[in-house]
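First the structure, in the form of structure tokens, and then the observations on it.
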Amino acid sequence: MGRTRIAVLGTGANGAAVAADLVRAGLDVTLIDQWPEHVEVMRRDGLTVESEHGSITVPVRAHHLCDVASMRTRFDVVLLVLKAYDTRWGAELVKSVVARDGVVVALQNGMTTADVADVVGTHRTLGAVLEISSTLFTPGVVERHSPRERSWFAVGSVDGATRGREEEVAGVLRHCGTVEVSREILSAKWMKLVLNAAELVPSALLDLSIAEAAHQPGMAELMTRAGLEAVAACRAEGSRLVGIFGLDDVDDARPEDYVRDLVDKLLTDYVRPTTLSTVLQDWRRGRRCEVDEINGRVVATLRAHGAPAPVNEAVVRLAHAVESGTAHRGLHNLRPLLDSAGVGPDRRTVSR
């Protein structure tokens, strides 16, 4: 068998960090992105990754979205690292360049695996979870906050046709971090959504880094309440509470402990004091965020089952106001968020 042909569709902060690791490992990697200036800089100067270990630049094959129409290569593995709301069109874009026996990996936040499977077929779809912290504001330059030894991935099948093929993708991603093969990947993705609901948009609404936001008075409890609503949504959809990031499976009687453990693990192992959430990065670049696919998914799921989600509803409402220009990011948003959770501003995050 020849070399595995890999495409990374979506080379923003995390996609570019992953792609750079794969290129450095000597793999056959094609980068595809929708930011024209980013693509042109990578073509001209290569992709630069700045980290605590220093700065390194790697030459890459970078392509614009429009280039896909003229590609003759058929890819064995496509890593889809687009925003959750871009999943369906992204899967449609690469459908024609996926090898007959190739797979598309939904390496994203949110419950995107079903959308990929609907486009390319469950027999060519793998679900995945990632925890890697990076920022990208300058075209062609990624600042990676969680190095390889502190980056984590899970890969799993959603269909019997791909059962046993997870290790092919796991072998690729092990060049980027620790990888687990999960037999319950949809449950694992729900667990990541639990964490995302707790920290991504809430921290961005305060216009603070994740760590700075988590240590604001009352935020520990707010994040726990948001995460617990996501746990309820997970259960309502029939998924199980499973451990991710190396944590043990969840004690069904004490899910609040698990939510706190997830946040503590994030703060301890994966982010720097200055790490911005992907949502805040999007907003500072003038882009919309994934609030509807994360907190909004919690709200919609619980509403369908006749249950409330007051904290996530407040997060969604305020995020929409920020994106429409009728509200602004800042610490003044802390009080209404705490009110939605019914907590006072006297509780702080304490890492254990």
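Read-outs: derived from the displayed coordinates by stated rules, not from any lab. None of these values were measured; they are calculated from a predicted model. Virtual Cβ from ideal backbone geometry, glycine too; neighbours counted across all protein chains shown.
Using helices alone, I'd like the mean residue ellipticity at 222 nm for the chain: each DSSP H run of four-plus residues gives -39500 (n - 2.57), total over residue count, nearest 500.
Here the helix-only value at 222 nm equals -12000 deg cm²/dmol.
Between Arg240, Arg329, Arg254, find the one with the highest GNM mean-square fluctuation for the chain; connect C-alpha pairs within less than 10 Å.
Looking only at Arg240, Arg329, Arg254, the largest GNM fluctuation is found for Arg254.
Tell me which GluC sites (Glu not before Pro) from region 209-298 have a DSSP coil assignment and no more than 16 other beta carbons within 10 Å of their own.
Loop-located and lightly packed - Glu237.
As a footprinting exposure proxy, order Lys192, Lys95 by other Cβ within 10 Å, with the fewest listed first.
Taking fewest neighbouring Cβ atoms as first place, the list is Lys95, Lys192.
Once you order the gyration tensor axes a ≥ b ≥ c over the Cα atoms, which shape class does region 187-341 get: rounded for a/c under 1.5, otherwise prolate or oblate by comparing a/b with b/c?
Oblate, since a/c reaches 1.5 and b/c is not below a/b.
Mind ranking 63-75, 140-152 by how tightly packed they are, going by the mean number of other C-beta atoms within 10 angstrom, highest first?
Values: 63-75: 13.8, 140-152: 20.1.
For the peptides 63-75, 140-152, the packing ranking is 140-152, 63-75.
Which angle from 0 to 90°, rounded to the nearest 10, does the C-alpha axis of helix 36-45 make with the longest principal axis of the chain?
50
For Leu47, which sequence-distant residues (separation of 5 or more, or a different chain) have an amide H within less than 5 Å of its own amide H, given hydrogens modelled in the peptide plane?
For Leu47, the qualifying residues are Val58, Val60.
Mind grabbing the base-10 log of I(q)/I(0) for the chain at q = 0.15 Å⁻¹? Debye formula, identical points on the C-alpha positions, no solvent, two decimal places.
-1.31
Report, in whole Å, the centroid distance computed from the Cα atoms of region 288-342 and region 183-238.
12
Calculate, in nm to one decimal, what Glu168 and Arg317 gain on full extension: separation in residues at 0.36 nm each, minus their alpha carbon distance.
Result for the pair: 49.5 nm of gain on full extension.
Would you mind telling me the antiparallel percentage of the DSSP bridges in the chain, rounded to 5?
35
What do you get for the angle between helix 310-324 and the principal long axis of the chain? Use alpha-carbon atoms, 0 to 90 degrees, nearest ten.
60
For the chain, set up a GNM with springs between Cα atoms under 10 Å and report which of Asp248, Asp207, Asp339 has the largest fluctuation.
Looking only at Asp248, Asp207, Asp339, the biggest GNM fluctuation is shown by Asp248.
Fewest to most neighbouring Cβ within 10 Å: what's the order for Leu93, Leu276, Leu331?
Lowest count first: Leu331, Leu93, Leu276.
At 7 Å along the Cα-to-beta-carbon direction for both Leu27 and Ala300, put a label point, then send me their distance in nm to one decimal.
Label at Leu27, label at Ala300, 3.1 nm between them.
Rounded to the nearest 20 debye, what is the charge dipole size of region 187-341 about its Cα centre when +1 sits on each Lys and Arg Cβ and -1 on each Asp and Glu Cβ?
Around 500 debye, computed over region 187-341.
Name the residues of region 298-342 whose amide N is less than 16 Å from a point 7 angstrom out from the Cα of Arg284 along the C-beta direction?
Only 329-331 pass the distance filter.
Which of rounded, prolate or oblate describes region 101-255 when judged by the alpha-carbon gyration tensor and an a/c cut-off of 1.5?
Since a/c reaches 1.5 but b/c is at least a/b, the shape of region 101-255 is classed as oblate.
Rg(Cα) of region 5-183 divided by 2.2 N^0.38 Å?
Numbers: Rg = 14.9 Å, N = 179, 2.2 N^0.38 = 15.8 Å.
Taking the Cα Rg and dividing by 2.2 N^0.38 Å, one obtains 0.94.
Restricting to region 5-183, what percent of DSSP beta bridges are antiparallel, rounded to 5?
Values: 14 of 43 bridges.
Restricted to region 5-183, the bridges split so that about 35 percent are antiparallel.
Report the residue, chosen from Asn109, Asn196, Asn333, that carries the largest GNM mean-square fluctuation when the chain is represented by alpha-carbon nodes joined by springs under 10 Å.
So, out of Asn109, Asn196, Asn333, the one fluctuating most is Asn333.
Using each residue's phi in region 117-123, evaluate 6.51 cos²θ - 1.76 cosθ + 1.60 at θ = phi - 60° and report the 3J(HN,Hα) Karplus result to the nearest Hz, with x for Gly and Pro.
Each residue of region 117-123 in turn: 4, 5, 8, 9, x, 5, 6 Hz.
In angstroms, what radius of gyration and Dmax does region 175-278 have, counting Cα atoms only?
When restricted to the Cα atoms of region 175-278, Rg and Dmax are 13.5, 39 Å.
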